[in-house]
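Everything on this sheet refers to the single structure shown next.
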């Protein structure tokens, strides 16, 4: 299972905003430069995050983007679900509206995938942006 660049870059952008939480709104161009994401692609990602209620836009000459909630109240799971959709290694065990399968009652692999989904969700929902900020402080070169 692999996340798309949407999920990867969405998390990077949210982490960048978390690093500057409580300060002035951050222009997208600044986030794009710091995170090495194209401006156009980041605009698309931020639109998804704004629609999901994870970021707010501030208009005007001093405008930009800020987190909609404190970093401790936004999890990796919130971001990944906004960017990628429900967490599921296969469609038949999706968190939201799993696809019907004629073998669902007797499929042993479905049980495996449901357990994988549950553990993925558990891990992603247990890590907040605040946790990531604390972890970043412990990096050898403090690089994000």
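Worth a mention:
- Hits in the stretch 18-36 (condition: within 28 Å of residue 117 (Cβ to Cβ) and free of Cβ contacts under 8 Å to residues at least 60 places away in the same chain): none
- Residue within the stretch 4-11 that is over 17 Å from residue 136 (Cα atoms), in a loop (DSSP other than H, G, I, E, B), out of contact with any strand residue (DSSP E or B) (no Cβ under 6 Å at 6 or more places or on another chain) and in contact (Cβ under 8 Å) with a residue 60 or more places away in the chain present: yes
- Residues that are farther than 18 Å from residue 57 by Cα and outside any loop (DSSP other than H, G, I, E, B), drawn from the stretch 12-39: 33, 34, 35
Bear in mind these aren't lab numbers, they're just calculated from the coordinates by the rules spelled out. Computed from a predicted model, the values in this text were never measured in an experiment. Here the Cβ is made from the backbone with ideal geometry for all residues, glycine too, and neighbour counts use every protein chain on show.
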